[in-house]
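Below is one structure, written out as structure tokens, with a few remarks after it.
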Amino acid sequence: MTRTRFDQVMHVIHLERVRQDAKWGKHRNLTSFEWLTVLIEEAGECAKAILQRKPEELQFEIIQVAAVAVAWLEDILEFGVNDAAPSKNFKAG
């Protein structure tokens, strides 16, 4: 069976989510501020790849941006929106 481009994209995002869960844990329950910080950090990596003219790295960083956005939504669906102050132990990336 041939995968559509959309299926291919969703597959690589899923693989990145699995990698993220293995690295950071599945149930993070971060605040919205913390999630946004992580997302912006990944978007900054996209900008860096663009400026350095590294298309392969850009593709990888876009996958990470998408996977972080999915993780944030998963977190909201599981725990609700967390608008508390960021934890003192929080580190992006």
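Quick notes on this structure:
- Condition broken by V18, with the remaining ones in (1) surrounded by 15 or more Cβ atoms within 10 Å (Cβ to Cβ); (2) within 14 Å of the chain's Cα centre (by Cα); (3) of a type outside the set (F, W, Y) satisfied: (1)
- Only one of E16, E34, E56, E78 that is touching a Pro at 6+ places or on another chain (Cβ under 8 Å) and either at pLDDT below 90 or assigned to a helix (DSSP H, G or I) (or both): E34
- Selection status of K26, free of Cβ contacts under 8 Å to residues at least 24 places away in the same chain, closer than 25 Å to P86 by Cβ, out of contact with any Phe, Trp or Tyr (no Cβ under 7 Å at 6 or more places or on another chain) and in a helix (DSSP H, G or I): no
- In the set (1) farther than 21 Å from F79 by Cα; (2) in contact with a helix residue (DSSP H, G or I) (Cβ under 9 Å, 6 or more places away or on another chain), the condition left unmet by R53 is number (2).
- Filter result for V38 (touching a helix residue (DSSP H, G or I) at 6+ places or on another chain (Cβ under 7 Å) and β-branched (V, I, T)): yes
- The selection criterion, being surrounded by 15 or more Cβ atoms within 10 Å (Cβ to Cβ), β-branched (V, I, T) and either in contact with a Leu (Cβ under 7 Å, 6 or more places away or on another chain) or not in a helix (DSSP H, G or I) (or both), holds for V68.
The values are calculated or read from the model by the stated rules, or taken from the named source; none is laboratory data. Just so it is clear, the structure is predicted and the values come from calculations on it, not from any experiment. A quick note on method: Cβ atoms are made from the backbone with ideal geometry, for glycine too, and the neighbour counts reach across all protein chains shown.
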